[in-house]
Amino acid sequence: MASLLFCGPKLAACGLVLSIWGVIMLAMLGIFFTTHSAVLIEDVPFKEEDMHNQETPLQPIYKLYNQVGYNCFIAAAIYVAIGLLSFCQVRLNKRKEYLVH
């Protein structure tokens, strides 16, 4: 029978810890971007013409803020998937310790 175990116990634990940190960090960044935090304006990829729109001057900037926030949430979801994979690897490594060959 083929084994689904492809990470050692230390690598699986490291992946789990990094995934938890990544989910927390990216979820917070996503929240701050979607609430249009002024501190993060340097991380919004806007152009000069986005600021000189006469009809709605801030709408293009807010749209970019929301897009970056959604990207952070997508990256957090990817970290959740990697965290689940690492958790499964930790469990398989624990189970392997108790098996008799």
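Annotations
- Qualifying residue in the range 6-27 (condition: in a loop (DSSP other than H, G, I, E, B), touching a residue at least 60 places away in the same chain (Cβ under 8 Å), under 24 Å from Glu97 (Cα atoms) and open to solvent by less than 60 Å² (accessible area, probe 1.4 Å)): yes
- Residue within the range 73-80 that is at pLDDT below 95, open to solvent by less than 80 Å² (accessible area, probe 1.4 Å) and out of contact with any helix residue (DSSP H, G or I) (no Cβ under 6 Å at 6 or more places or on another chain) present: no
- Exclusive hit being out of contact with any strand residue (DSSP E or B) (no Cβ under 6 Å at 6 or more places or on another chain), at pLDDT 90 or above and not in a loop (DSSP other than H, G, I, E, B), set Ile31, Ile61, Ile41: Ile31
- The residues in the range 58-69 that are out of contact with any Phe, Trp or Tyr (no Cβ under 6 Å at 6 or more places or on another chain) and closer than 16 Å to Met25 by Cβ can be counted, and the count is 0.
- Among all residues of the range 82-94, there is at least one that is in contact with a Ser or Thr (Cβ under 7 Å, 6 or more places away or on another chain), open to solvent by 70 Å² or more (accessible area, probe 1.4 Å) and among the hydrophobic types (A, V, I, L, M, F, W, C).
- Cβ-Cβ under 8 Å pairs, at least 6 apart or on other chains, the range 57-78 side in contact (Cβ under 8 Å) with a residue 40 or more places away in the chain, far side surrounded by 15 or more Cβ atoms within 10 Å (Cβ to Cβ) and hydroxyl-bearing (Ser, Thr, Tyr): Gly69/Thr34; Tyr70/Thr34
The values are calculated or read from the model by the stated rules, or taken from the named source; none is laboratory data. Not measured: the values here are computed from a predicted model. Note that each Cβ is placed from the backbone with ideal geometry, even for glycine, and that neighbours are counted across all protein chains shown. Side chains included, ligands, DNA and RNA excluded: accessible areas come from the protein's heavy atoms. Shrake-Rupley method; radii C 1.70, N 1.55, O 1.52, S 1.80 Å.
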